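Take a look at the structure set out below.
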Amino acid sequence: MHPTRNAPPTALLTELREARTGSETHLKEAMEHHGLRPLTGGFQNHVYAWEDPDRGPICIKLYAKGNHRRRVEREWAALTLLAEHDVSDVPRPLWLDDDNSVPAIGMTLLNGTPLLESTDREAALKGLAHTTCRLQSVPLSGLLADLERIDSGAHYMLRLTGSWPELLAGHEDDPLTAEMRALLTAWHNSGDAELLNKNTASAVFSRGDSNLLNWLRNGATSPCVDFEYSGHSTDFFDTADLTEHISAREIPDGTWIALLPDLGITPANRHLFLAAQRTCALRWLAVLWKQRHTRAEEFDTQHARVRLLQSPDNPWNS
């Protein structure tokens, strides 16, 4: 199936963009005038549900930072590719309006409730694994074959070998610095970085965003949204990034471990997954270290997580 690029609702977008730069009252009036409903989870973007007169309910996404890191191009390319291969449980692209400093994409609106609120999380996660494998089975082409996903393994390596050690060097008096260095040293000595750098696994399509807040549960399926970080990756790295995202701490390790075969982890690539897992966990510790005072509980949880994954008693090794 080849998606057709339709004309965007120009008048609505013009008014919405202008209202965003004005008062809250102006924005509220514009939303009420057009029947727009704000959607959660937009983070740096502005996402709305809108009743399109011709298509029914759709999602409108405005990119407040423009095409930063080619996120608009990535999302449009991803949605277009998935529509061409008739992949279900993802939004279908409707129109792209990129002739503005605040680009916008229109896409179908998915139904469902947040996956983490599912009454049967194990079934919901099974659905997530099914959807993920379907996405990874789509042949890469065009932009997505050329670009690594945002927040790639290479990006994580740069943080752990460059920016984080540099930051630690400026905090020699911090009582946590020695412990952070010890964990970094253990990671260096483990050979994880060398193993990941040498891997020759085939590239697969990747959404590039492992936040479980972007997953829904709709009946027996688990749809997902948010493709602006898309590119190529490997199945083992994306699985590691999924299990180690801070949103995944709500899920017991035993549940994740049982799900690994459904996510493409086999005896042949398990060593690569484990190396990527330890790397992803340490990267999150580096992220939270910068906010260790304002997000102290999350930092402490991640600190314990890294120590667990580096310990001989790591349950994932069995």
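The values are calculated or read from the model by the stated rules, or taken from the named source; none is laboratory data. Note that the structure is predicted; figures quoted are calculated from it, not measured. We place every Cβ from the backbone using ideal geometry, glycine too, and count neighbours over all the protein chains shown.
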Looking at this structure, is residue 94 touching a residue at least 12 places away in the same chain (Cβ under 8 Å), assigned by TED's automatic domain parsing to the domain that holds residue 231 and buried (at least 21 other Cβ atoms within 10 Å of the Cβ)?
no
Is it the case that some residue within the stretch 97-105 is out of contact with any helix residue (DSSP H, G or I) (no Cβ under 9 Å at 6 or more places or on another chain) and at pLDDT 95 or above?
no
Candidates 292, 283 - the one that is in contact (Cβ under 8 Å) with a residue 24 or more places away in the chain, under 20 Å from residue 194 (Cα atoms), of a type in the set (D, E, K, R) and touching a Phe, Trp or Tyr at 6+ places or on another chain (Cβ under 7 Å)
283
Going through the stretch 39-57 one residue at a time, which ones are of a type outside the set (D, E, K, R), assigned to a loop (DSSP other than H, G, I, E, B) and on the phi < 0 side of the Ramachandran plot?
39, 40, 42, 44, 45, 53
Residues within the stretch 246-279 that are part of a loop (DSSP other than H, G, I, E, B), surrounded by 18 or more Cβ atoms within 10 Å (Cβ to Cβ) and without any contact (Cβ under 8 Å) to a residue 40 or more places away in the chain, tallied:
1
Over the stretch 97-150, the set of residues in a helix (DSSP H, G or I) and among the charged types (D, E, K, R) is 117, 121, 122, 126, 134, 146
Can you tell which of 39, 62, 16 is farther than 23 Å from residue 229 by Cα and either out of contact with any Gly (no Cβ under 7 Å at 6 or more places or on another chain) or at pLDDT below 95 (or both)?
16
Given the criteria part of a loop (DSSP other than H, G, I, E, B) and closer than 20 Å to residue 214 by Cβ, does residue 64 qualify?
yes
Based on this model, can you work out whether residue 6 counts as surrounded by fewer than 20 Cβ atoms within 10 Å (Cβ to Cβ), within 30 Å of residue 155 (Cα to Cα) and at pLDDT below 95?
no
From 221, 239, which residue is assigned by TED's automatic domain parsing to the domain that holds residue 130, among the β-branched types (Val, Ile, Thr) and surrounded by 22 or more Cβ atoms within 10 Å (Cβ to Cβ)?
239
